[in-house]
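Novice: I'd like to ask you about the structure that follows.
The values are calculated or read from the model by the stated rules, or taken from the named source; none is laboratory data. All of these numbers come straight from a predicted model, not from anything done at the bench. Cβ coordinates were reconstructed from backbone atoms using ideal geometry, including for glycine residues, and neighbour counts include every protein chain displayed. For the accessible areas, the whole protein counts, side chains as well, though only heavy atoms, and no ligand, DNA or RNA atoms are used. Shrake-Rupley method; radii C 1.70, N 1.55, O 1.52, S 1.80 Å.
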Amino acid sequence: MGDFNDFLEDRRRYARLPGPRLSVRIGERCFPVVEWSFGGFLVEDDGANLSGGALVKVTGLVLGDPDVEDADLRPVDIRARVVRAQRDAGLAALTSYNLDGAAYQVLSEVRDLMAAEAGG
């Protein structure tokens, strides 16, 4: 059986990028990001808190470890839908309907940091 991500790869508008350590804040919880693009996030959801089809509001992006006292929490306003919840894998895929200026700035910083780390 093929991987669902292989099926989606040709249809993506933006390339997905792996960490640095990034988390999204939805409600009072932070979900670690596995992959991201400017069009959405694949997040760890071991507690099965996100249900497929749900509309969610991402209120913050956290650079680094969200559990430390001085975590770098950046307030954002991202409206998204949970397009896939893989409970057995502990993952959920979110598609963003909008990125506000703050979210775009944070994700651009992360992209640039990754490029610098890769020597690009």
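Novice: Look at the range 74-120 and say how many of its residues are open to solvent by 80 Å² or more (accessible area, probe 1.4 Å) and touching a residue at least 60 places away in the same chain (Cβ under 8 Å).
Specialist: 4
Novice: A further question follows. Could you please let me know if Arg74 is of a type outside the set (Gly, Ala, Ser) and over 18 Å from Gly27 (Cα atoms)? Give the steps one after another, and end with the answer.
Specialist: Working: of a type outside the set (Gly, Ala, Ser): yes; over 18 Å from Gly27 (Cα atoms): no.
Taking the combined requirement at face value, the residue does not satisfy it.
Novice: Also: Pull out all pairs, ordered by first then second residue, where Cβ-Cβ is under 7 Å, the residues are six or more apart or on different chains, the first lies in the range 48-66 and is of a type in the set (D, E, K, R), and the second is surrounded by fewer than 17 Cβ atoms within 10 Å (Cβ to Cβ) and not in a loop (DSSP other than H, G, I, E, B).
Specialist: Lys57/Arg79
Novice: Just a yes or no: is a residue in the range 52-66 out of contact with any Cys (no Cβ under 9 Å at 6 or more places or on another chain), part of a loop (DSSP other than H, G, I, E, B), acidic (Asp, Glu) and loosely packed, with under 13 Cβ neighbours inside 10 Å?
Specialist: Among the residues of the range 52-66, not one is out of contact with any Cys (no Cβ under 9 Å at 6 or more places or on another chain), part of a loop (DSSP other than H, G, I, E, B), acidic (Asp, Glu) and loosely packed, with under 13 Cβ neighbours inside 10 Å, which makes the answer no.
Novice: When you go through (1) out of contact with any strand residue (DSSP E or B) (no Cβ under 9 Å at 6 or more places or on another chain); (2) at negative phi one by one for Gly119, which number turns out not to apply?
Specialist: Gly119 satisfies every listed condition except (2).
Novice: Check Arg81 against each of (1) modelled with pLDDT of 90 or more; (2) outside any strand (DSSP E or B); (3) not aliphatic (A, V, I, L, M) and name the one condition it does not meet.
Specialist: (2)
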